[in-house]
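Single-structure report; data block below.
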Amino acid sequence: MPAEEMGKLSNRTRLIFAVSSVVFLAVLAISPFKDFRREWKQYKRSYRRFAQGRPDTKKLVADFRPDIDQIWLPGMNVVDRCTTCHQGITQASLEDKAVPQPFRAHPPILHNVRDWGCTVCHRGQGSATELAEAHESTLAWEQPILPTRFIQSSCGTCHYADLPQTPQLTRGRELLAELNCQGCHRLPGIERPAMLGPDLTNVGTKVSREWIYKWLKEPRTITDKDGNVTVNGYETEEEPRMPKFHLTETELRGLSAYLSLQKAKPFVPYKIDAHVVAAWSKNPELASQGELRFRQMFCSTCHSLAVTRAGETKLIGGDIGPELTKVGSKVNPDWLIAWLRDPQGYMPHTRMPRYGWSDEDLYKVTQYVTTKLTDSDLLTSVPQLGQPTEQEIQLGHRLFLEKGCASCHSIEGLNPQKDFGPDLSALGGKNASELEFGGAKIPHNLVAYIQAKLQNSASVNPAARMPQYNWNQSDLNAVTTALLSMKGPPSTSALQNLVVPRREAAFHATGSFGEVYERYKCYTCHKFNGYGGDLAPDLTYEGSRVQRQWLVDFLKNPQTLRPTLILRMPQFNMSDKDAATLADYITMVLQHPAANPAAVDAKQFTPAMAALGKQLYEVKYQCQSCHTIGGTGGYVGPNLNNAGGWLTPAWIEAWLRNPQALVPDTIEPRRNFTEDEVTALTAYLMTLRQSIKPEKTASAAASHTATDGAGR
């Protein structure tokens, strides 16, 4: 190649090289500028300027670093850089709402934010350093930050037991259980009871085909003849356990036909003594006497009635059993008599106790129910159904299985259905791409999907079999929170070690006590070692608290010891033998180690001690502010008129020393009594005795104006 051409080539090469160098230098010049403008660095500089304008600058910038902050939890597969921007998250002086985000301190919680980071609770992409990538869904990350109103769901991921700090989560879990969601879905931590819905093996002996049709059409609502929507006879905002299914007229006829023929067990009506019927049948006071006995038995402790006062209809009574306002228009009178006499004979798993009814009581109460708790117009909107046809029966049988009815209800000869609906045990950890949104016009994220599914499952899946529920916003958010907490089993051993399991309560009653305990369903209202209801006092340590003879008398004739409580223990007409069986077991077995009844001898107390105790009670400590003696005093605590005949001296002494050691959630204040004062107060209280007198009227129970719980 000629030298001249080589020179020209070199010049061209030099020019290209020169231009490339200029471009490269320009790029190098821009890169530091872009790096300087990175979002996380801007937040770092903003925080430093913010801190320098405050009086506690030195403290706020003591651990400030200009580079990325990162929390690494290898056992949990967590990389969290959130504190790069949230610089003041642990600074107590920055808790005020006037402090701008992202510099405001995190509200006080039990966990150290600097150790745990943010994504463990708030979700989002912890490794991101840009706001949008950290908080929102991206093509590479489908777990956006969790809305604050659902933050309690993160607590439930580790804490399977209920926490006082998470009321919304607790409410959601309660609703999932109360609405029998576990009948169709697998839900971790939600126990499946022996009976979700009523056993329908003999429902045809209980109600008519017309009532079944009405209930299936509107299980949440019963519409009266004027078109007013009521719920089983009263208006309420409570969501019932039986949901609403979308049933056609043909399906309603089929199911009502099939269920009305369920009479597997022979039904033998109980014949009330003819002399009782003859003596009362023409008595004009029959229904009113039945109502009186109904109230004397305190049926409203478990069952509610709709009462209209001053133009306002309210539900009065308990919610353990079904509402009874119009039950007389629902059930067969012969069935009602047999049910009241022996509930377990019809439904072995029922929580209804077996009362010791006399024929006279049984006749009076059933006549009251069937003549007064009625509505003649209840079924006027139901079409003429006639006798079930073979085609209707076969359709009803098929629908009973297809609709998942067997998941909650049992019928003899039909196998129960389990996991009828999808497994929800890991729903809270699913990505949006794993969900079926159908044609729903909602944001494509997990929260929106769950709430759409709960409100109208067909909106995201037209073929969905889930029934219709009517949620208020608070309950909708609560159930959403509970479902979000279910993220499946821990993925690592470190996460497994963080799980706080729910304490499984268990109480196994055996022998003659077990038989009586089961007959009267004591666990429906009372707790025993954590197992049972919370309507009435916890009896775990009742043997240390009460004297045996008092307990026998109380079981035979329950009295209220707390004047402010309206609902109370029903009168079971308990026999002497049953009362003695319960009292013997309770006083011998259900004892607290800190209050041994045999450890304190009441004979040691002298009149001088009692006199000093009376002075302490009335003057120094003014216990009458909360307790009543002799008709005077406060109503916060129990009536102490019969404290000496009711409580054991060992319990009184242990209670005075430390009431919270015996009953952790009691509102009784802990006072620093000296040992001499404890002895004197106990001596005084043991002098207070008043016998239990049988009640002859039910005037005190005639109007239940509160549902605070059954008290003693």
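The values are calculated or read from the model by the stated rules, or taken from the named source; none is laboratory data. All values derive from a computational prediction rather than experimental measurement. Neighbour counts are summed over all protein chains in view; Cβ atoms, including those assigned to glycine, are modelled from backbone coordinates with ideal geometry. Only protein heavy atoms, including side chains, enter the accessible area calculation; ligands, DNA and RNA are left aside. Shrake-Rupley method; radii C 1.70, N 1.55, O 1.52, S 1.80 Å.
Descriptive notes on the structure:
- Pairs with Cβ under 6 Å, 6+ apart, first in the stretch 285-298 and open to solvent by 30 Å² or more (accessible area, probe 1.4 Å), second assigned to a helix (DSSP H, G or I): Gln289/Lys364; Glu291/Tyr368; Arg293/Asp361; Arg293/Lys364; Arg293/Val365; Arg295/Ala701
- Hits in the stretch 425-436 (condition: open to solvent by less than 60 Å² (accessible area, probe 1.4 Å) and either more than 18 Å from Ser491 (Cβ to Cβ) or at pLDDT below 90 (or both)): Ala432, Leu435
Residue-wise test of (1) closer than 30 Å to His303 by Cβ; (2) surrounded by fewer than 19 Cβ atoms within 10 Å (Cβ to Cβ); (3) at pLDDT 90 or above.
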residue	(1), (2), (3)
Gly438	no, yes, no
Asn461	no, yes, no
Trp471	yes, yes, no
Asp475	yes, no, yes
Val479	yes, no, yes
Ser485	no, no, yes
Val516	yes, no, yes
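- Selection count where residues are open to solvent by 30 Å² or more (accessible area, probe 1.4 Å) and over 17 Å from Ala583 (Cβ atoms), scope the stretch 531-545: 5
- Among (1) in contact with a helix residue (DSSP H, G or I) (Cβ under 6 Å, 6 or more places away or on another chain); (2) at positive phi - the single one Thr84 does not satisfy: (2)
- Residues of the stretch 72-86 satisfying the condition of being over 16 Å from Ile145 (Cβ atoms) and either outside any strand (DSSP E or B) or among the small types (Gly, Ala, Ser) (or both): Pro74, Gly75, Met76, Asn77
- Boolean, Lys372 is at pLDDT 90 or above and within 34 Å of the chain's Cα centre (by Cα): yes
- Verdict on Asn228 being crowded, with 18+ Cβ neighbours inside 10 Å and at pLDDT below 90: no
- Checklist (1) touching an Asp or Glu at 6+ places or on another chain (Cβ under 7 Å); (2) farther than 26 Å from His246 by Cβ; (3) part of a loop (DSSP other than H, G, I, E, B) applied to Tyr368, failing item: (3)
- Filtered residue count, the stretch 164-190, keeping only those that are open to solvent by 50 Å² or more (accessible area, probe 1.4 Å) and either basic (Lys, Arg) or over 13 Å from the mean Cα position of the chain (by Cα) (or both): 4
- Subset of the stretch 644-669 [among the hydrophobic types (A, V, I, L, M, F, W, C), part of a helix (DSSP H, G or I) and closer than 15 Å to Thr679 by Cα]: Ala650, Trp651, Ile652, Ala654, Trp655, Leu656
- Matching residues, the stretch 622-635, being open to solvent by less than 80 Å² (accessible area, probe 1.4 Å) and in contact (Cβ under 8 Å) with a residue 60 or more places away in the chain: Thr628
- Within the stretch 589-610, the residues that satisfy the criterion of being within 15 Å of Ala661 (Cβ to Cβ) and either among the hydroxyl-bearing types (Ser, Thr, Tyr) or open to solvent by 50 Å² or more (accessible area, probe 1.4 Å) (or both) are Gln591, Pro593, Ala594, Asn596.
- Criterion (open to solvent by 50 Å² or more (accessible area, probe 1.4 Å) and on the phi < 0 side of the Ramachandran plot) met by exactly one of Val22, Val99: Val22
This table checks each residue for (1) part of a helix (DSSP H, G or I); (2) assigned by TED's automatic domain parsing to the domain that holds Glu210; (3) among the aliphatic types (A, V, I, L, M).
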| residue | (1), (2), (3) |
| --- | --- |
| Gln384 | no, no, no |
| Pro388 | no, no, no |
| Ile393 | yes, no, yes |
| Gly438 | no, no, no |
| Ala448 | yes, no, yes |
| Pro462 | no, no, no |
| Met466 | no, no, yes |
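- Selection of the stretch 68-104 for residues being among the acidic types (Asp, Glu) and over 35 Å from the mean Cα position of the chain (by Cα) yields only Asp69.
- Failed item, numbered, when Leu616 is tested on (1) outside any loop (DSSP other than H, G, I, E, B); (2) under 30 Å from Arg341 (Cα atoms): (2)
- Hey, Ser410 touching a strand residue (DSSP E or B) at 6+ places or on another chain (Cβ under 8 Å), part of a loop (DSSP other than H, G, I, E, B) and of a type in the set (S, T, N, Q) or not: no
- Filtered residues of the stretch 51-71 (kept if in a loop (DSSP other than H, G, I, E, B) and either open to solvent by 70 Å² or more (accessible area, probe 1.4 Å) or without any contact (Cβ under 8 Å) to a residue 24 or more places away in the chain (or both)): Gly53, Pro55, Val61, Ala62, Asp63, Phe64, Arg65, Pro66, Asp67, Asp69, Gln70
- Boolean, Gly613 is in contact (Cβ under 8 Å) with a residue 24 or more places away in the chain, surrounded by 14 or more Cβ atoms within 10 Å (Cβ to Cβ), of a type outside the set (Phe, Trp, Tyr) and over 19 Å from Val546 (Cα atoms): yes
- When restricted to residues that are farther than 14 Å from Val516 by Cα and either modelled with pLDDT of 95 or more or over 29 Å from the mean Cα position of the chain (by Cα) (or both), the stretch 542-581 contains 13.
- Annotation note: Cβ proximity below 6 Å between a residue of the stretch 586-603 that is in a helix (DSSP H, G or I) and a residue that is surrounded by 13 or more Cβ atoms within 10 Å (Cβ to Cβ) and of a type in the set (Asp, Glu) (sequence gap 6+ or interchain) occurs for Ile586/Glu542.
- Residue identified as charged (D, E, K, R), more than 30 Å from Cys405 (Cβ to Cβ) and open to solvent by 50 Å² or more (accessible area, probe 1.4 Å) among Lys265, Lys271: Lys271
- One residue from Ala509, Ala448 being of a type outside the set (D, E, K, R), within 20 Å of Glu142 (Cα to Cα) and surrounded by 13 or more Cβ atoms within 10 Å (Cβ to Cβ): Ala448
- The residue of the stretch 195-218 that is nearest to Arg173 (Cα to Cα), among those that are assigned to a loop (DSSP other than H, G, I, E, B) and touching a Pro at 6+ places or on another chain (Cβ under 9 Å), is Met195.
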